[in-house]
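Read the structure below first, then the notes.
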Amino acid sequence: MDSPLIKNVNLFLDDKPSVFALRNKARIALDSIGFPTLKTEAWKYTDIKELINKDFNINTEENTCSHECCHHHNEDTSFIEIRFCNGKLHVEEYNMPEGITLTPLPLALFDDDYKKYFFNAFNLEKHPFAALNGLYLEQGICIHIEKNTSLNKPILIKYNQKDCDNLQLSIHNLIILEKGAKLELIEDFTSASENTYFTNTVNEVYLKTESELTHYKIQKENSKSYHIALNAIKQQEKSSYKQYYLSDGAKLSRQETLVNLDQQNANAEIYSAYKAKKNCTTDITTNINHLVENTNSNQYAKGVLEEDSTAVFQGKIHIAPNAVKTSGHQLHKALYLSDSAKLNCKPELEIYADDVKCSHGASCGELDKEQLFYLLSRGIEKHTAIKLLTDAHLEELLSLIPNPKIKELFFGFE
Amino acid sequence: MSEPLLEIKDLFARVGDKEIIKGLNLKINRGEIHAIMGPNGAGKSSLSYILSGKDNYEVTSGKVLFKGKNLLSLSTEERAHAGLFLSMQSPIEIPGVAVSNFLKQAVNSVRKANNEPELDMLSFMKLLKTEAQKLQISPEMLKRFVNVGFSGGEKKRFETLQMALLKPDFCILDEIDSGVDIDALKTISEGINTLKNENNAFLIITHHEQLLQQIVPDYVHIFADGQIIKTGDKTLAHEVEESGYGKFPSKE
Ligand SMILES: Nc1ncnc2c1ncn2[C@@H]1O[C@H](COP(=O)(O)OP(=O)(O)O)[C@@H](O)[C@H]1O
Ligand SMILES: [Mg+2]
């Protein structure tokens, strides 16, 4: 495989056999599967040829962020804030409440307690970009919530890409909720630059019995950047995972969510809102595996497609042979702003069990002409009127966000 | 004599491939109230859409001058900037667009186009509160989405509120009395009567004399077959109420 994304670089901790072994495992997996092409079923609508031919650099110099700017950021006290600058974790003294531990990845990589969590929520051989991420395993944060602990504030991870021209940023997080633990986690990707770069993130999420994670993600990378992300979630009995995702940036982005409902009464809800911008590609791919009986999932996506944009929505619900009394639902609603936009929608139901409730629905339409006329007739400029209506389309989905403080972060689209 | 606010000359227009306005002439001066009455399906709403520049309504010949300038070459939003307002027969529901956001965008777009400073959030909210109160529009209603879940009366009061905020020179009121109960009609008429001054003008489309007793027109036009077939004063409205449109023969 000769993609310039794969580099032979010496990384921090390469001299530690256990760390090297993990990176090497990822390398072997990627060597064997290679990068996908349009012939690869899971990637048939998202063309990554341009991306894998980019010669992005790896920043091996410092393993943490030492930027002056980060020491003086305006911290919003409604959130516990964690920062990554240009792909590097900004390490600081966190004043953490009881029951929560934040560990920078290099430390977690040494910790025997965490060993079993690496590359365990997904199969390296099925996720080439996660394998690429594993090759450079070094940056990330491990969030561990003790049994029966719930935080009174959400954790906000800010990924600030401001000085990362031609860089490949690989971030790998572990999120572990012990029995009965509860967490609200927000990931916020913004770029205050015109740099071209590639963000490649993996979150491995482990939800033990009766734990609850509400996971928010706002993706507003700049329009020259590439963003590929995998959220891989393993759920035990009566655990709940809710994901709210907004895709509002990047030249090419793919958010893949893999949920394994491993035990009974586990519940997953995936809400996705996207704006496919002019000449950009937005991919939302979800795989939900109902592996045992009495598991539930729900997917709801709403999108807006601008001219010459491409949107991909692939939602797969797999129901294993013994997974009776499960329910899996999926709905996708798209709004076209132009005939030149391209939507590829692939719902897949793989049902091997009886007595299940499954459904999928899709609709797409244009802007409502009567609504547009009403706004224009009040003197509202056309571009503002269109923005009001497209925001309204997404508003219906984003209004499902339960925490009003977090909802605010999602509004104010470009 | 000063130039008319609105002048329609020999207008022919169609919607889709249906000829709907067939040689209409109308002149409206500042300070005047005109009423148009006519049977259902005569094309009254279509005329209001043509004046507002709605898609699919095509002028095939004739002229419309607004403040002496060609109205027909302007886009819908430019017509609003120039001071034209259409209160719609059936105001459109827009789920997801908050009333206050919509109103602020509209007010500031019109101000901006007329080189007036835009209102900041605080001054806008103050203005909105004052005007809403006059029309008995509750603060709760202002928190909803545009026209969503509004009763008939609320919809028309909301149209009137928009007029109060945008201060247009020329308002077309398309059946502002339909779907409205007596109390709401009184509030709306009072609202409109306070907006009226010697600089602006109103074109009221209605079926009912009752509205014209509350907002008293200077002229009443009977509209049928795509043109005005008779013009008179307010007593004409009474005649229509008594004996319908049948006695007014079409010119054709
Ligand atoms: N978009 C349209 N396409 C085709 N015909 C239309 C359209 N809108 C209105 N019409 C027709 O034009 C005629 C006039 O309608 P309208 O202007 O609503 O009448 P009025 O307001 O006087 O009741 C009606 O016959 C109606 O069916
Ligand atoms: Mg009508």
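Rounded to the nearest percent, how much of the accessible area of the range A:166-229 (1.4 Å probe, protein heavy atoms only) is carbon and sulfur? Please list the in-between numbers first.
Values: 540 of 1350 Å².
Looking at the range A:166-229 in its full context, I get 40 percent from C and S.
Put the Cα centre of the range B:212-235 next to the Cα centre of the range A:353-410 and the gap is 43 Å.
Given Cβ point charges of +1 (Lys, Arg) and -1 (Asp, Glu) and nothing else, what value in debye, to the nearest 20, does the dipole of the protein assembly as shown about its Cα centre take? Please report the intermediate quantities before stating the final value.
Numbers: 75 positive and 92 negative charges, 128 e Å.
Charge dipole, the protein assembly as shown, about its Cα centre: 620 debye, nearest 20.
Mind checking A:361-369 for the average number of partner chain beta-carbons within 10 Å of each residue's beta-carbon? Don't skip to the answer; put the middle values down first.
Numbers: counts 0, 0, 0, 0, 0, 0, 0, 4, 4.
Taking the mean over all residues of the peptide, I get 1.
Each eigenvalue of the Cα gyration tensor of the range A:17-263, multiplied by 5 and square-rooted, gives one semi-axis; in descending order these are 26, 22, 18 Å. Would the protein assembly as shown count as rounded, prolate or oblate if I go by the C-alpha gyration tensor, calling it rounded below 1.5 in a/c and otherwise prolate when a/b exceeds b/c, oblate otherwise? Prolate is the answer for the protein assembly as shown, as a/c is 1.5 or above and a/b outweighs b/c. For chain A, modelled as a GNM whose springs connect Cα atoms under 10 angstrom apart, the maximal fluctuation among A:Ala29, A:Ala353, A:Ala276 occurs at A:Ala353.
The distance linking the range B:81-106 with the range A:263-340 is 34 Å (Cα centroid to Cα centroid, whole angstrom).
Here r is the Cβ-Cβ distance between A:Gln264 and A:Lys162 and R0 is 51 Å; the resulting FRET efficiency, rounded to 0.05, is 0.65. Ranking A:Ala320, A:Val9, A:Gly99 by how far each Cα lies toward the positive end of the dipole of chain A (charges on Cβ) leaves A:Ala320 at the top. Within 10 Å of the Cβ of each residue in A:389-397, the mean number of Cβ atoms contributed by other protein chains is 3. Counts of other chain beta carbons within 10 angstrom of each beta carbon in peptide B:76-88 average 4.
Comparing the full protein assembly with the isolated chain (1.4 Å probe, heavy atoms, ligands and nucleic acids excluded), the residues of the range B:92-106 losing at least 30 square angstrom of accessible area are B:Ile92, B:Ile94, B:Gly96, B:Val97, B:Phe102, B:Gln105.
Could you tell me which of rounded, prolate or oblate describes the range A:82-187, using a ≥ b ≥ c as the square roots of the eigenvalues of the alpha-carbon gyration tensor, with rounded for a/c under 1.5 and, failing that, prolate when a/b is larger than b/c and oblate otherwise? Oblate is the answer for the range A:82-187, as a/c is 1.5 or above yet b/c matches or exceeds a/b.
Suppose a student asked you for the relative contact order of the range A:307-351, using Cα pairs under 8 Å spaced at least 6 residues apart; what percent would you report? Please report the intermediate quantities before stating the final value.
On the way: 54 pairs, mean separation 30.7, N = 45.
Averaging sequence separation for qualifying contacts and normalising by length gives 68 percent for the range A:307-351.
Within the assembled protein chains, the solvent-accessible surface assigned to A:Glu187 is about 0 Å², based on a 1.4 Å probe. Since only B:Ile28, B:Ile228, B:Phe124 are under comparison, the one whose Cα sits farthest along the positive direction of the charge dipole of the range B:6-243, derived from C-beta charges on Lys, Arg, Asp and Glu, is B:Phe124. Considering only A:Gln139, A:Ile155, A:Leu169, the residue lying farthest towards the positive end of the dipole of the range A:133-173 is A:Ile155, judged by Cα position with unit charges set on Cβ. Placing a label point 7 Å from the Cα of A:Asp355 along the Cα-to-Cβ line, the residues of the range A:262-293 whose backbone N sits under 14 Å from it are A:293.
Using a 1.4 Å probe, what is the accessible area per residue for the range A:232-370, in Å²?
Values: 4950 Å² over 139 residues.
Each residue of the range A:232-370 exposes 36 Å² on average to a 1.4 Å probe.
Among the protein heavy atoms, those of A:Lys333 account for about 60 Å² of accessible surface (1.4 Å probe, every chain in place).
Over 25 Å between C-alpha atoms is what I'm after, so list which of B:Lys54/B:Lys167; A:Lys153/A:Lys238; A:Lys44/A:Lys387 land there.
Numbers: B:Lys54/B:Lys167 21 Å; A:Lys153/A:Lys238 23 Å; A:Lys44/A:Lys387 31 Å.
Beyond 25 Å between Cα atoms: A:Lys44/A:Lys387.
Give me the one-decimal Kirkwood hydrodynamic radius in Å for the range A:187-308, with the sum taken over alpha-carbon pairs. Write out the running numbers ahead of the final one.
On the way: mean 1/r = 0.0671 Å⁻¹.
Taking the inverse mean of 1/r over all distinct Cα pairs, the range A:187-308 comes out at 14.9 Å.
The values are calculated or read from the model by the stated rules, or taken from the named source; none is laboratory data. None of these values were measured; they are calculated from a predicted model. Because the Cβ atoms are built from the backbone with ideal geometry, glycine has one as well, and the counts that use them run over all protein chains shown. Each accessible area value is taken on the protein alone, full model and side chains, heavy atoms only, with ligands, DNA and RNA left out. Shrake-Rupley method; radii C 1.70, N 1.55, O 1.52, S 1.80 Å.
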